[in-house]
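The structure appears below as structure tokens.
The values are calculated or read from the model by the stated rules, or taken from the named source; none is laboratory data. Being a predicted model, the structure only gives us computed values, none of them experimental. Here Cβ is always computed from backbone atoms with ideal geometry, including for glycine, and neighbour counts include all displayed protein chains.
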Amino acid sequence: MEEKKKKLSLLLACLPIIVVIFMGLMSVVKWKAAMHTPLLASIIVAAIIGKYSGFSWDEMEKGLVEGVSRALPALFILLIVGSIIGSWIAGGIIPTLIYYGLKLISPKVLIPATAFVTAIVSLSTGTSFTSLATVGLALMATGVSMGFPAPLVAGAVISGAYFGDKLSPLSDTTNLAPAMSGCTLFEHVGHMLWDTIPAFLGSLILYYFIGLKHASSSMTQPEQIQGIYDGLEKAFNINPLLLIVPIITIILAVKKVPAIPALVSVSVLGGLCAMIFQGADIGAVLRATTFGFKSDTGIKMVDSLLSRGGITSMGGTIMLLTLATALGGILEKVGSLEVLLNSIMSKVRSTGQLMLATLFSGLAIAFATGAQLLAIIIPARMFAPAFIERNLHPKNLSRAAEAAGTVGINLVPWSVPAIFAHNILGVEPAQFIPYLFFAYFVILANAIYGYTGISITKISNDVSKQTDTNLNV
């Protein structure tokens, strides 16, 4: 017979989360020791609590393995994204995007244009990681080259990337949230227009006015801009034909080609461009895709942004993702997350409080684990019965779950998305988080809708019963 487990108190349930938040903040603010040790420490605390509660090590190990197994598709994608960055720089694709970006985009609209262009690419491809690593990196280099503050440009790039990740039917999170909540994909996407569009428009307006403050100084540096042109032209064969590769990437996404084959294909295309347009041999291409590209334009600013990529560059992010999902798995196994969410639910008395609790829970799991998928899955599954009881359509839940889990998680400095953005863009999370206007506006919009009733949809009893059946299945 299975040994009876002790029920965790709220304090014990929260202790691993308190440990990771405290140590994470200290690591970011004071120790500068990254997030690996805080996550490992939290896993150890969770294991001690699990042992106290009557769980065997085999049971807890199973929780760790189940947690990590959820991240395996993302791990493969990260490795391929690293190779794409290396091959696209070596092939001159990203330098060409930077070159024409400097030529075509006015400094007055550079910051909102950065968010808008990244959003279009992310919406088309359904992945924030790919848009960050390709067009996002090019726009980052363009903005910094013009003299804009790196954290501001990074904030615009990330906001645009997660606009598409949140709204695109091709995104894994956009498909996951309705599946966990009990509604259809297109019910979910249509309902998200209520928070996504106003939040993004508000972000573009803010980026425009903040960008104007820096535009005048960037417009007074023609010598520096000309130096960047000269450096890029000297180091790379800048050719408009190279823009075909980003277009092919978008076409592959629209055609719904599976993510891994599509990403491998565009990585290979980048390598072919390196050999055809840049005169690189196969050894140079393989070194760029494996270890990253080493830029030598003579322009320090551009070299620092273009010397990156490669499969090995994703090692730190992959380790972080592994630890974060392992922590989520053991917290779920020992019952910490269930106790926390049940405690929150006991305080819920209104629709506004229910929406706020869903948002808060998603953010709490984001802070505890740093894992995007867990921050969506757990609140969506836990709060689904509560939404049905209140006769609220599950698309209200899926929208709130994605607001916190897909977008809000970027406000956590040690989360996988924030660390990934740091690795790609070269800006510390603590520096770009204040400029993630889209994330703040999306969360605020959902909280306001919950208390005002705007866009909150109810369902009939028949639909409610059918939804309950779907969730049980």
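Quick notes
- Out of PHE76, PHE55, sole residue that is within 30 Å of LYS294 (Cα to Cα) and among the aromatic types (Phe, Trp, Tyr): PHE76
- The residues listed here are LEU232, LEU242; of these, the one that is surrounded by 15 or more Cβ atoms within 10 Å (Cβ to Cβ), under 30 Å from MET275 (Cβ atoms) and modelled with pLDDT of 90 or more is LEU242.
- Look at (1) within 30 Å of THR96 (Cα to Cα); (2) aliphatic (A, V, I, L, M); (3) surrounded by fewer than 20 Cβ atoms within 10 Å (Cβ to Cβ) and you find that VAL348 fails only one, number (1).
- Residue within the stretch 258-275 that is more than 26 Å from VAL427 (Cβ to Cβ) and assigned to a loop (DSSP other than H, G, I, E, B) present: yes
- Selection of the stretch 136-189 for residues being free of Cβ contacts under 8 Å to residues at least 24 places away in the same chain and of a type outside the set (A, V, I, L, M, F, W, C) yields ASN175, THR184.
- Matching residues in the stretch 385-414 - criterion: being more than 28 Å from PHE129 (Cα to Cα) and of a type in the set (Phe, Trp, Tyr): PHE387
- Search result, residues across the stretch 33-48 that are among the polar types (S, T, N, Q) and either assigned to a loop (DSSP other than H, G, I, E, B) or buried (at least 16 other Cβ atoms within 10 Å of the Cβ) (or both): SER42
- Taking the criterion of being out of contact with any Gly (no Cβ under 9 Å at 6 or more places or on another chain), under 24 Å from ALA215 (Cβ atoms) and of a type outside the set (A, V, I, L, M, F, W, C), the only residue of the stretch 104-142 that qualifies is SER106.
- One residue stands out in the stretch 351-380 among those that are crowded, with 22+ Cβ neighbours inside 10 Å and not aliphatic (A, V, I, L, M): the one that is nearest to ASP172 (Cα to Cα), namely GLN372.
- Yes/no for LYS62 being charged (D, E, K, R) and at pLDDT below 85: no
- Residue in the stretch 266-273 that is in contact (Cβ under 8 Å) with a residue 12 or more places away in the chain and more than 22 Å from LEU139 (Cα to Cα) present: yes
- Residue among ILE433, ILE377, ILE365, ILE409 that alone is over 28 Å from PHE186 (Cβ atoms) and of a type in the set (A, V, I, L, M, F, W, C): ILE433
- Selection count where residues are part of a helix (DSSP H, G or I) and in contact with a Ser or Thr (Cβ under 6 Å, 6 or more places away or on another chain), scope the stretch 233-256: 4
- Hits in the stretch 130-150 - residues which are in a helix (DSSP H, G or I) and either of a type in the set (Val, Ile, Thr) or over 19 Å from THR317 (Cβ atoms) (or both): THR130, THR134, VAL135, ALA138, LEU139, ALA141, THR142, GLY143, VAL144, SER145, ALA150
- Entirely in the stretch 314-424, the helices (runs of 4 or more DSSP H) that have 3 or more residues that are under 30 Å from GLY54 (Cβ atoms) and in contact with a helix residue (DSSP H, G or I) (Cβ under 6 Å, 6 or more places away or on another chain): 315-334, 336-345, 351-369, 372-389
- Test: residue in the stretch 279-299 that is modelled with pLDDT under 90 and surrounded by fewer than 16 Cβ atoms within 10 Å (Cβ to Cβ): yes
- Residues of the stretch 173-188 satisfying the condition of being surrounded by fewer than 23 Cβ atoms within 10 Å (Cβ to Cβ), closer than 15 Å to VAL407 by Cα and among the hydrophobic types (A, V, I, L, M, F, W, C): LEU176
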